[in-house]
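This report concerns only the one structure given below.
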């Protein structure tokens with residue numbers, strides 16, 4: 001099968017193109033709720049984004065208008081757009097779905113205020129808030145605690161080159177999660193001629209200067225491969241994901257190592273990534289700190305394993321679309337799994353599973369966990385499968401096509 005484009009790469013590329021020194025084309029971007037919200041927000045602020053077949057042409061604008069930005073459930077929109085809004089001379093109002101008012105963004109807002117941006121959030125450090133730009137941002141050095149999300153750092157890095165003095169970010173707190181996503185941001189900045197200094201631990205500095213306009217192609221979203229490659233493990237079959245990159249900054253590439261440790265045969269060649277099930281799924285002891293977004297899919301496989309598993313280092317995913325650790329413990333437990341919830345992870349022991357409703361909490365990754373369980377256990381009903389549209393348009397159709405099943409009303 002083929003996967004749609006990466007959400008993480010698409011939304012970063014959109015921001016960089018919007019701040020670039022000329023027009024550019026984004027080839028094969030992901031078109032999902034998260035990325036369409038980013039496009040809508042940029043358009044509202046004055047950036048030109050036009051369709052060219054499967055591609056988008058982005059033309060930087062003057063960023064002078066007042067605007068409203070709907071963040072939906074997209075953390076990248078809520079966190080990446082305020083640093084851009086600081087460069088506007090308009091008042092940019094941000095809000096989103098009700099649950100987004102509980103997701104952390106205060107560190108970004110406090111940092112922007114320290115860099116010279118006018119922020120009106122009523123002292124909440126959360127949605128809704130207004131960014132009142134003055135057309136430029138002084139920039140400088142800022143100290144933040146990014147232990148809740150690596151997006152706090154990426155957000156400031158993406159716009160930092162356009163600040164008068166650039167931005168020098170110092171992290172002070174527990175280890176930053178999902179470091180590969182920061183490495184992704186840095187690689188994309190450097191590809192556009194931006195000078196980034198990441199030579200010191202817990203410090204990232206972007207020099208002021210232009211962001212080169214380049215045409216870029218978006219890789220397939222490797223994290224979205226998780227439920228599909230898991231099918232090989234749960235069925236003893238073979239799944240090939242076309243166009244899997246030989247080298248990538250996407251954390252989803254770690255699926256290769258995880259599935260190998262769980263008992264699959266995994267190979268990568270010019271065709272793509274091929275995963276062969278062996279009829280056995282082994283438990284694992286994993287620190288998922290850098291690949292937290294894969295936790296729901298891995299936890300689902302662990303619930304089907306023949307030995308105990310311990311998943312650690314992911315306390316930060318309690319602040320994603322839902323409290324993913326509590327949700328996984330509840331929903332896997334409701335289907336018979338033996339799960340112990342810890343502050344930063346889960347312990348899962350072999351137990352007979354049965355059918356039932358698997359709730360998704362409006363979280364696309366929870367839906368991934370549900371369908372993985374449902375591929376091996378009769379009678380599992382995954383609630384609100386449409387939540388997968390956040391990052392994967394027509395996930396149900398792709399799932400049914402892979403299984404050779406007819407579509408039904410959803």
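The values are calculated or read from the model by the stated rules, or taken from the named source; none is laboratory data. Not measured: the values here are computed from a predicted model. No Cβ is skipped: glycine too gets one built from the backbone with ideal geometry, and neighbour counts run over all protein chains shown.
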*Just a yes or no: is a residue in the range 366-378 part of a loop (DSSP other than H, G, I, E, B), under 28 Å from residue 38 (Cα atoms), within 20 Å of the chain's Cα centre (by Cα) and assigned by TED's automatic domain parsing to the domain that holds residue 238?*
no
*Restrict the check to the range 115-131 and report whether at least one residue is in a helix (DSSP H, G or I), touching a helix residue (DSSP H, G or I) at 6+ places or on another chain (Cβ under 7 Å) and buried (at least 16 other Cβ atoms within 10 Å of the Cβ).*
no
*Within the range 263-322, how many residues turn out to be in a loop (DSSP other than H, G, I, E, B), touching a helix residue (DSSP H, G or I) at 6+ places or on another chain (Cβ under 8 Å) and farther than 23 Å from residue 375 by Cα?*
6
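Taking the condition in contact with a strand residue (DSSP E or B) (Cβ under 8 Å, 6 or more places away or on another chain), surrounded by 20 or more Cβ atoms within 10 Å (Cβ to Cβ), at pLDDT 95 or above and not in a helix (DSSP H, G or I), does residue 30 pass?
It is true that residue 30 is in contact with a strand residue (DSSP E or B) (Cβ under 8 Å, 6 or more places away or on another chain), surrounded by 20 or more Cβ atoms within 10 Å (Cβ to Cβ), at pLDDT 95 or above and not in a helix (DSSP H, G or I).
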_Anything in the range 170-198 that is touching a residue at least 60 places away in the same chain (Cβ under 8 Å) and part of a loop (DSSP other than H, G, I, E, B)? List them, or say none._
175, 177, 178, 192
*Go through (1) out of contact with any helix residue (DSSP H, G or I) (no Cβ under 6 Å at 6 or more places or on another chain); (2) within 27 Å of residue 360 (Cα to Cα); (3) not in a helix (DSSP H, G or I) and name the single condition residue 104 misses.*
(1)
_Of residues in the range 229-261 being touching a strand residue (DSSP E or B) at 6+ places or on another chain (Cβ under 6 Å) and part of a helix (DSSP H, G or I), the one nearest to residue 160 (Cα to Cα)_ = 256
_Filter result for the condition that a residue is crowded, with 21+ Cβ neighbours inside 10 Å, in contact with a strand residue (DSSP E or B) (Cβ under 7 Å, 6 or more places away or on another chain) and either touching a residue at least 12 places away in the same chain (Cβ under 8 Å) or not assigned by TED's automatic domain parsing to the domain that holds residue 89 (or both), over 205, 161_ = 161
*Residue check, residue 258 against (1) surrounded by fewer than 18 Cβ atoms within 10 Å (Cβ to Cβ); (2) under 24 Å from the mean Cα position of the chain (by Cα), all met but one. Which one?*
(1)
*Answer yes or no as to whether residue 166 is in contact with a strand residue (DSSP E or B) (Cβ under 6 Å, 6 or more places away or on another chain), surrounded by fewer than 24 Cβ atoms within 10 Å (Cβ to Cβ), on the phi > 0 side of the Ramachandran plot and not assigned by TED's automatic domain parsing to the domain that holds residue 395.*
yes
